[in-house]
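> Below is one structure. I have some questions about it.
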Amino acid sequence: MRHVTLKSGDKVPVLGVGTWRMGERKGERAAEVAAIKLALDLGIRLVDTAEMYGEGGAEEMLSEALAGRRDEIFLVSKVYPQNASRKGVLAACERSLKRLTTDRLDLYLLHWPGSTPIEETIGAFETLHKDGKIRNWGVSNFDADGMGSVGGAPNGGNCTSNQVLYHLGSRGIEWRLLDACRKADVMVMAYSPLGQGPLLRKPALKAIADKHGVEPAAIALAWVLRHPGVITIPKAVKPEHVRANMAALDVKLDAEDMKALDSAFPPPKRAEALDMT
Ligand code: NAP
């Protein structure tokens, strides 16, 4: 699989899986574990989670799903902004490691901007890095100005990633943020790349999917992955969804496809506030 190389030299596969809305209900755990295991069997090596998802439940579910395979995985988790103080980050990371039954995260993100000065959060991330608890750190839901504040803070240049909403139906980051991240060598992780589902019913997407002999989701993902330095983490529990998403890696969108997609899902004409779920 194609990958992006971080400032640290670590390599991150461009396609992974997300876990929001997982780990919330006991009755769904077996299906969730099976979905993650299927994704790994099909070659996925990037898994995204957060202390927020199921209030720790998604991390606990992953502990089971990744058992015996942790070392093969690039594992990402996130800290709540309300835990972003120095003490708060160190404690939250310990809790995540415990729930995930691992000794380190490959990437740890501030989930969204909060009221703690970013310098303090970065200081805590740097301590965790020095102690070997995290290999890389980054942010999520930061707009171009926010990325400027990160870059200007002490050690802010060590920020390796910004995880933001990006899909065919929400292209605001193309205006400025994508470029700002590229210039700072910050990997963009596109979240909700399927627009959480409804987007996939658009006829224009279906037509291109039929042409390539794949599901609309594979086109939506291949479209996100057309940018160098951008990776993505669709969430899927249904096995047919997990399989359909893998096909994105083999799709090559041509000029005609891109024109049709631009016409059905126009790029931004002006600066927009960063979209979030
Ligand atoms: P998404 O990946 O865009 O969409 C997930 C939905 O699409 C689920 O309902 C899933 O159904 C369905 N789906 C998956 N594959 C499909 C396919 N091939 N065909 C049709 N439907 C399909 O939305 P998301 O979960 O919001 O985003 C992905 C991940 O990004 C999250 O899980 C999370 O890890 C991360 N995220 C981060 C933030 C942040 O603030 N940093 C915010 C949101 C999300 P089934 O599950 O039933 O298969």
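Read the figures in this text as sums done on the coordinates, not as results from a lab. Every value quoted in this text rests on a predicted model; they were computed, and no experiment measured them. Glycine gets a Cβ as well: all are built from the backbone with ideal geometry, and neighbour counts include every protein chain shown.
> Return the inverse of the average 1/r over all pairs of distinct C-alpha atoms in region 23-171, which is the Kirkwood hydrodynamic radius, in Å to one decimal.
Final number for the Kirkwood radius of region 23-171 is 15.8 Å.
> Could you give me the ³J(HN,Hα) list for region 68-80, computed from phi with Karplus coefficients 6.51, -1.76, 1.60 and θ = phi - 60°, whole Hz, x at Gly and Pro?
Per residue, the Karplus-derived 3J(HN,Hα) values read x, 10, 3, 5, 7, 9, 8, 9, 10, 9, 9, 9, 4 Hz.
> For region 75-127, what mean projected area does the convex hull of the alpha carbons give, in nm²?
That works out to 3.2 nm².
> Would you mind checking the pairs K133/K235; K206/K252; K78/K238; K78/K235 and listing those with alpha carbons more than 22 angstrom apart?
Check vs 22 Å cut-off fails for K133/K235; K78/K238.
> For region 103-245, state the semi-axes of the equivalent ellipsoid (square roots of 5 times the eigenvalues of the alpha-carbon gyration tensor), sorted largest first and rounded to whole angstrom.
Equivalent ellipsoid of region 103-245: 32, 17, 12 Å, largest first.
> So how long is each side of region 108-161 along the principal axes, counting just the alpha-carbon atoms, biggest first, in Å?
The Cα atoms of region 108-161 stretch 30, 19, 19 Å along the principal axes, largest first.
> Quick check: convex hull over the Cα atoms of region 1-107, volume per residue in Å³, rounded to an integer?
So the per-residue Cα hull volume is 101 Å³.
> To check you understand DSSP bridge types, tell me what percent of the beta bridges within the chain (both residues inside) are antiparallel, rounded to 5.
15 percent
> Quick check on the exposure proxy: order W20, W137 from fewest to most C-beta atoms within 10 angstrom.
W20, W137
> Considering just Cα atoms, how many Å³ per residue does the convex hull of the chain enclose?
Cα convex hull per residue, to the nearest whole number: 117 Å³.
> What whole-number distance in Å separates the alpha-carbon centres of region 103-136 and region 226-272?
Distance between centres, Cα-based: 30 Å.
> If you average 1/r over all unlike Cα pairs in region 175-221 and invert the result, what Kirkwood radius do you get in angstrom?
12.3 Å
> If you don't mind, there's one more thing I want to ask. Can you give the relative contact order of the chain as a percent, counting alpha carbon pairs under 8 Å and 6+ residues apart?
18 percent
> Please figure out what share of the DSSP beta bridges in region 1-115 is antiparallel and state it in percent, rounded to the nearest 5.
Given both bridge residues lie in region 1-115, the antiparallel proportion sits at roughly 25 percent.
> Near the amide H of I134, under 5 Å away, which other amide H atoms are found, from residues 5 or more places off or on another chain, if H is placed in the peptide plane?
When sequence neighbours closer than 5 places are left aside, the close amide H contacts are L105, H129.
> Can you give the translational diffusion coefficient of region 196-276 in µm²/s, computed by Stokes-Einstein from the Kirkwood radius over Cα pairs at 10 °C and 1.306 mPa s?
117 µm²/s
> Taking every pair of distinct Cα atoms and averaging 1/r, then inverting, what Kirkwood hydrodynamic radius in Å comes out for region 140-223?
Hydrodynamic radius (Kirkwood, Cα only) of region 140-223 equals 14.0 Å.
> Also: Could you run the Debye sum over the Cα atoms of region 63-103, one equal point scatterer each and no solvent, and tell me log10 of I(q)/I(0) at q = 0.27 Å⁻¹, two decimals?
Debye intensities relative to I(0), on a log10 scale: -0.91.
> Using only helices, what value at 222 nm comes out for the chain when you add -39,500 (n - 2.57) per DSSP H run of length 4 or more and divide by the total residues, to the nearest 500 deg cm²/dmol?
-11000 deg cm²/dmol
> Karplus couplings for region 43-60 from phi (6.51 cos²θ - 1.76 cosθ + 1.60, θ = phi - 60°), rounded to Hz, Gly and Pro as x?
x, 6, 10, 10, 10, 10, 9, 6, 4, 5, 5, x, 6, x, x, 5, 5, 5
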